[in-house]
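The structure appears right after this line, and notes come after that.
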Amino acid sequence: MPRVEPEAQTEHASATGRTGAYAIQTTNASATVIDANSSVTASTIVATAGALGSATVTPATLSEPAWLGPLRWLGLLALCAAYLQGGLTKAWDLSAATAEMAHFGLQPAGPMALAVIVFELVASLAVLTGWQRAPAALALGAFTLAASVIANPFWSVPADSRAPLLNAFMEHLGLAGAWGMVALASLRHRQGP
């Protein structure tokens, strides 16, 4: 009977939906890698291992091209660019940042400006360094949605003035969605294939 490592059992406990790969190591040292797409279940992996004789099933490490890591980081940098620029610009001109907070009705404006500066810079750095990436990405997504609701209230202006605010709101909605994808990808990467 094949032996399934605990990680493999846990990974496919529901037997649906997860993608990844599993290595089946037989007693004669030959190995087979199974791509566990949505149609492959834990029982299928165990049955395949059983057909090979005595075997051990373990999660396999899938390699990725060397250029993918730097490309991923550049994508994260592009997503963080507006927040880094916004935080630094506000820090360099705190009076303008305070005036911006007051303009949008955020009081007390001075402390709000400081909080936004710290948030934009710290959350961006967390995403870029990988430290608490998923929570930071979710926080940036929520921040983006809240800022868009405050700054782009297209629903409250006359129809002939609505298009620019609606466009800006939708762009920010897309950015918030991208942050959600970053969080999901970070969580999947942390859990493995």
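The values are calculated or read from the model by the stated rules, or taken from the named source; none is laboratory data. If you're wondering where the values come from, they're calculated on a predicted model, not measured in any experiment. Heads up, the Cβs are rebuilt from the backbone with ideal geometry, glycines too, and the neighbour counts pull from every protein chain shown. Areas reflect the complete protein model, heavy atoms only, side chains present, ligands, DNA and RNA absent. Shrake-Rupley method; radii C 1.70, N 1.55, O 1.52, S 1.80 Å.
Structure data summary
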{"item": "Segments 65-71, 86-92 sorted - mean Cβ within 10 Å per residue, highest first", "result": "86-92, 65-71"}
{"item": "Peptides 175-188, 124-137 ordered by average Cβ neighbours within 10 Å, highest first", "result": "124-137, 175-188"}
{"item": "In order through segment 75-90: 3J(HN,Hα) via Karplus (6.51 cos²θ - 1.76 cosθ + 1.60), integer Hz, x for Gly, Pro", "result": "x, 5, 4, 4, 5, 7, 3, 5, 6, 5, 4, x, x, 5, 4, 5"}
{"item": "Globularity ratio of segment 83-193, using Cα Rg and 2.2 N^0.38 Å", "result": "1.19"}
{"item": "Surrounding net charge for A123, when Lys and Arg each add one and Asp and Glu each subtract one, Cβ distance under 15 Å", "result": "+1"}
{"item": "Computed accessible area, F104, all protein chains, 1.4 angstrom probe, square angstrom", "result": "80 Å²"}
